[in-house]
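For reference, the structure is listed below as structure tokens.
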Amino acid sequence: MDFQVVVLAGGSSKNLTPLVSKELPKPLLPVANRPVLTYVLHQLEQSNLKDLIVVVEGEDAALVVGAWISGTFIDRLHVEIAAVPEDIGTAGAIREISHHLTTKDILVVSGDLVSDVPPGAVAATHRRHDAAVTATLCSIPVSGPLESGSSVGKDKAKKLGRYNIIGLDPGKQFLLHIATGAEIEKDARLPKRILRAVGQMEIRSDLMDAHMYAFKRSVLQEVLELKDAFQSLKEDVLPYLVRSQLKSEALSNRTPQGEENGNEKVTSLNNQVFVSRILANASIPSFHDRSSETPDGSAPTRKTHKCCAYIASSSSYCVRLNSIQAFMDINRDVTGEADHLLSGTDPNNNIGPSPKLGTKTTVGPHSMLGEGSEVGDKCQVKRSVIGRHCRIGSHVKVVNSVVMNHVTIGDGCIIQGSVVCSNVQLQDRVVLKDCQVGAGFVVTAGSEYKAESLARKEK
Amino acid sequence: MGAQKKSATPRVSEDPEDLARNPLQAILLADSFATTFRPITLERPKVLLPLVNIPMIDYTLAWLESAGVEEVFVFCCAHSKQVIDYLESSQWSSKPNFIVTTIESHNSISAGDALRLIYERNVIHGDFVLISGDTVSNMLLTEALQEHRERKKKDANAIMTMVVKQSKPSPITQQSRLGTDELFMAINPVTKQLLCYEDKAEYSKGFISLDKTLIADNPSIILHNDKQDCYIDICSQEVLSLFTDNFDYQHLRRHFVKGLLVDDIMGYKIFTHEIHSSYAARIDNFRSYDTISKDIIQRWTYPFVPDILSGSTAIKVERQGTYRASDVTVSRSADIGSFTFIGQGTKIGNDTKISHSVVGEGCTIGSNVTIEGCYIWNNVTIEDGCQLRHAIVCDGVIMKSGAVLQPGVILSFKVVVGQQFVVPAYSKVSLLQQPTHLDSDEELEYADNTSGTGEPGSDKLNGDITPDLSETAYELGAGGVGYIWSVFEGVQDEEWRQSVAPIPTDKLIKLMLEKDEDDEQLTQDGNVFSASGELKADSDDNGSGDDDNEDSGDDYVFFEKEVEATFLRAVNENVKVDHAVLEVNALRLSYNMASVDCAGAIFYSMMKLAVESPHNSASELHKNAADIITKWQKLLKSFLHDIDEEIEVVLKFEEMCLESAREFAALFPQILHLLYDKEILQEDAILKWADEKEGADAADKVFLKHSEKFIQWLKEAEEEDEDE
């Protein structure tokens, strides 16, 4: 497929401190003992999308990530690593690497996406409609992992703050409106202009943007060039394209020949329109074509572009790792209900090849024990992930937690709902509840913490 | 119907008893409470106007009978006597299982009043069908009724089911084929609950606002622009009592439906029922009269078509949809084209061409006449050589030889058009003079037939007028009798929208171009208006001028919106200035704003209205603004007590020129001058503003520079004053 994939892997996300560090940038955060980036790359590989640019924020992070990818995916994917400055936004990142983009269409995927939505299907939808942009939408997970905390009776208005208001055409193929709930003050304002052209619009508030977009390269580059204030793909570029789909500014100052890989959505050449109609499987002209026609039905004078939506089936799993809560949830889900994501990534069983379990120690379901880890006597591990080469003493309870690699846990520790990063030392009888312990931290014996974030002082 | 009742009876609940006891009732409003059919309706009620030679009310009653309704209350108001007389003499008075009762009122001015009166009579005992007497339909009610009743059983608040039908408005004219304004509805696709109903395109142009809670409550909402409201409602009894409780509800849709949707205090819900293959439409204006007549002739409304409905008189349907009564005299050389109806006893002369038209009973049409797309009622005489295109010609009209009707003409009863006279397009001609009071008072909205009610015996009026018919009073050529009504200012351009004549091509092209411009504007406006603030960066660019605005925060934004809505309502419904002042004052108190804010907000709304009214050039925009300012200066002035407030207006204007209404930028000095001329702004205020701005940075002084001349002039004038 003539598709280049841009994986926006990010770098050191502020939301995720103290989990991320210089040594462990966000793309390499372990989800069920594999770097989170694995999941995206694996999905891409499955869809036979092998021409990748992985964009990492910060030079150092880029080096680390690059080293890992070349170690793991060598011979499997053709990957370029690009480092971009931090805090330039997703649109900024694409702008930086714009000159690397060569193919007709570009798939942009967020590197923190843990999902089983096939990127290939998104790409195919994009191609079928000859769209300017195709956004992937998925149902809001019932468990609501995006919501911080586990509070159930959440205010509805508050809930809207998180999700998008999305307008679709009756066939659920085209994206007619998109707005993030948080931006809407009192009421949602929907453009009549597009509604008039389409006739009816379905307003959904139960879908969320999965951060996987397919763009027509020429359109994307043009928009980024024209609107240099645009920072975010999701908040600026996508709404802009959706808003202007019936009156495409992005294409208006192009030469009408459309030489550049046929970037013109509706060219003045009728046969091309015809072809696109066939591609769209439409016996009647779609509203895009209709609204570009003049009253006497002659050649279209106005340029339109199509914004499509790929709606993942409601059973698919799709979560972004963008908060500590999400990190916990994903770890839990991937070892639990969404364990099909693991299959094929690695033939590993949930318990590594050489586990050393003491007597009367139980490792419950939805748990994982990494390679070379040792667990002492009379321990309990429930719904937790334990990394590689950890040493866990006796009488230790690990519940609902994530323990990364090379962690030493002393006797009699109780760890609940916490994240323990690599190389941490928990001395005897430490009690952690809802804590995050940054890499290399040492928790002294007998201390108790609740809902705290522990990290080494930055030097 | 019967079958459905049987199925309902066995169920154990209190409802089945009701159902078994109460026959299905209907309320038929034999008055549309609108003026769209004037001048014809000054002399005859709308429901008795012939639609393909049969009074409209017959279509409605015939449908109600076929749909299983057993008792109909016909509410008559304007010309009630004519309606009652007609019903008494018609077949409807003697049907065994179909009781038609008339309810007469002389002082109802709206559907709301009518329903309140019916409530007082206490004649409705269960669910009823609410319909107006100008509705043509052939839908089956059973399904909709069943849905309504089942919903009602589950949820006592589901009090109304509205019938809707697919009909996409034209993207160019933004009106449906029935000539009505485009309608936006939000419907929950699963429950079919109606969530939003917006039929006035003026409000919040370019955007539909959906309340956040609606979105939160309904994960999926379908917004429809492609549905037509059939004005057939299945209501529960509560609807009547709601009208009584809310004595200010007048209009069925604008007040009642919106009232229920907006303030959901009572939690009442309205649902929709979509019909697909059957027909339902309401004659709301001349365009729908034309459209529905054509639909009837083309038999979409079967079995409610002339040859079946008329019963006794034999009407034959011939090829190509030509209907011909038995005793028609048609010359051999006459050419009766397709989709044409010729009524009983009509004579047609040589070489006359008729197509797509309805010709009533007892008409005499001469030779060499061309009739195309016309509705000619009974006993009309058309002499040789006349030409008629897309016109409505009422009973007893005489057209002298060679007269010409241009498209869209309405000739009311007994008008005489003089020889060779050309009646200009879209004229309305009547023997009655145009009511002199301009319908600008707020009554108009509902009152459409106040004057109709005021003249129950229009004969009397006629009698009054006949004596002083001096020949000179007429504008219809030699031997002509009748007045050409002048069109209200402003409505003129819109006349073609709801006329019987098809929309002229040049209008379409013009609209098309306007739409393009609109779109462009909207795309730009997107930056300013988009509530979603997608373009934060862009809006920062023009942040220099509006600092003081931002301080006041959200409250002010809401307040401004409210004031704008109030103002728009005042404009659209012709609310008196005093009332508007009161309303704005009330808003001011509830938002705890100063009158400075009011002045700013009102001015803002006025200018916004000016920008949004159609205009092609800067001068037209200027004219728009001038009109609005002239008309509403009193409102604005009521909030301009001192100089600070006046300065606020100037600042506001400057801000608008920078942001939302850049079109005004070029007109800044002119408008400023205008405001000065109208004594809205005193020179002190303008000069003070100029002083304040003097110190500002260059970007801020753009408008000051523009208006330098004017200020100079002001200053000189002041000095002169001082000299004296």
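A short reminder: the numbers here are calculations on the coordinates, not readings from a lab. For clarity, every value in this text was computed on a predicted model and none was experimentally measured. Here the Cβ is made from the backbone with ideal geometry for all residues, glycine too, and neighbour counts use every protein chain on show.
Summary table below
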read-out	value
B:Glu88/B:Gln237 FRET efficiency (R0 25 Å; Cβ-Cβ; nearest 0.05)	0.30
Most to least packed among B:176-188, B:576-588 [average Cβ atoms within 10 Å]	B:176-188, B:576-588
Label point distance in nm, B:Ser333-A:Asn48, each placed 7 Å from Cα along Cα→Cβ	7.8 nm
Gained length - A:Ile88 relative to A:Ala451, 0.36 nm times residue gap less alpha-carbon distance	127.5 nm
Shape box of the stretch B:19-85 [Cα atoms, principal axes, largest first, Å]	45, 24, 22
Cα pair count fraction exceeding 18 Å, expressed as % - the stretch B:280-370	44 percent
Estimated D of the stretch A:352-454 in µm² per second, where Rh is the Kirkwood radius over Cα pairs and Stokes-Einstein applies at 20 °C, 1.002 mPa s	168 µm²/s
Pairwise label distance in nanometres, B:Glu70 with B:Val123, each label 7 Å out on the Cα-Cβ vector	1.7 nm
For residues of B:220-230, the mean tally of beta carbons on other chains within 10 Å	5
C-alpha center-to-center spacing [the stretch B:360-426, the stretch B:95-131] in angstrom	38 Å
Kirkwood-based shape ratio for the stretch B:139-226, expressed as Rg/Rh from alpha carbons	1.00
Extension gain (nm, one decimal) between A:Thr359 and A:Glu96, 0.36 nm per residue minus Cα-Cα	89.1 nm
Inter-site label distance for A:Lys22 and B:Ala594 at 7 Å from Cα along Cβ, in nm	5.6 nm
Over 18 Å (Cα to Cα) - which of B:Lys81/B:Lys428; A:Lys216/A:Lys306; B:Lys153/B:Lys192 fall in this group	B:Lys81/B:Lys428
Share of Cα-Cα pairs in the stretch B:2-287 lying beyond 27 Å, as whole percent	39 percent
Nearest-0.05 FRET efficiency for B:Asp578 and B:Ala156, computed from C-beta distance (R0 56 Å)	0.85
Sequence of A:Met404, A:Met368, B:Met512 once ranked by neighbouring C-beta atoms within 10 Å, starting from the fewest	B:Met512, A:Met404, A:Met368
Proxy reagent accessibility, fewest Cβ within 10 Å first, across B:Lys428, A:Lys172	A:Lys172, B:Lys428
Zone residues, the stretch A:83-124, relative to A:Ser232, backbone N less than 12 Å from point 7 Å out along Cα-to-Cβ	A:89-91
Unsatisfied cross-links (Cα-Cα over 18 Å) in the set A:Lys22/A:Lys450; B:Lys561/B:Lys652; B:Lys95/B:Lys294; A:Lys14/A:Lys227; B:Lys152/B:Lys269	A:Lys22/A:Lys450; B:Lys95/B:Lys294; A:Lys14/A:Lys227
